[in-house]
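Presented below is the structure to which this report refers.
The values are calculated or read from the model by the stated rules, or taken from the named source; none is laboratory data. Predicted model, so just to flag it, every value in this text is computed and none were measured. Every residue, glycine among them, receives a Cβ derived from its backbone with ideal geometry; neighbour counts consider all protein chains shown. These accessible areas exclude ligands, DNA and RNA; they are computed on the full protein's heavy atoms, side chains included. Shrake-Rupley method; radii C 1.70, N 1.55, O 1.52, S 1.80 Å.
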Amino acid sequence: MLILFLILLLIIAGIILFQLYRLVRWILVKKTRIIRSIWVLSIAIIGIAIYQLFFVNMEFIQSKVYPDLYLVKHPVKDKNKIDNTIKNAVIQHFTTTEKIDSTYTLRFYEYTNNWNPLLIFGDAGTAHFIDHEEDPGGFTTEELSMYLNYKLATFKTVLSNNDNNTLSGVLQYYSEGSPTKTDTLKLNITLNIRK
């Protein structure tokens, strides 16, 4: 069955390549077609660049199955800006959270979506964990530990013994799976704290 599927896939790829070859041959026949094709291609490249620069913003997606997991979609290239945005997201999270315990953590990973229906045994990417729990065994395996290179930060709480309104925590930043720097956050928030 798999062999038939691969043969069908190769036939479809061959048809697509042949049609692309015919299109390029048709364009190259006349000079006006070449000029128009260059114009269309240039406008498309400029349009994509403008869209990427001005309309694609970094966003945080919270997992539906792991409330402590956030995926950062479209992260900017500047690592300091990502770190500052994550720090602000942690502060924002705790201003809207009602109850926490002494082992409360947050995890931040880069959003990746590698899912491809043609690759039966391929990794799905971190996007898998928005709607699905980790699957350590079976036909395919999906665990968050498989994506350590996409880990951006972790936050762990440290509660003050003296004051139930003081929340401290350690924010550890990562780059390509390795810790890079640490921030200590102290938040004065009125919370119902469970110890």
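Treating the beta-carbon of each Lys and Arg as +1 and of each Asp and Glu as -1, no other charges, what is the dipole magnitude of segment 4-115 about its Cα centre, to the nearest 20 debye?
Approximately 980 debye in magnitude.
What's the extension gain from ILE43 to ASN57 if we count 0.36 nm per residue and subtract their Cα-Cα distance?
Here the answer is 2.8 nm.
Sorted by accessible area (1.4 Å probe), largest first, how do TYR21, TYR147 line up?
TYR21, TYR147
Evaluate the distance, in nm, between pseudo-label points positioned 7 Å from the Cα of LEU148 and of LYS181 along their respective Cα→Cβ axes.
Distance between the two pseudo-spin positions: 2.3 nm.
Mind jotting down the three principal axis lengths of segment 1-110 based on Cα atoms? Whole angstrom, largest first.
Principal extents (Cα only, largest first): 71, 44, 20 Å.
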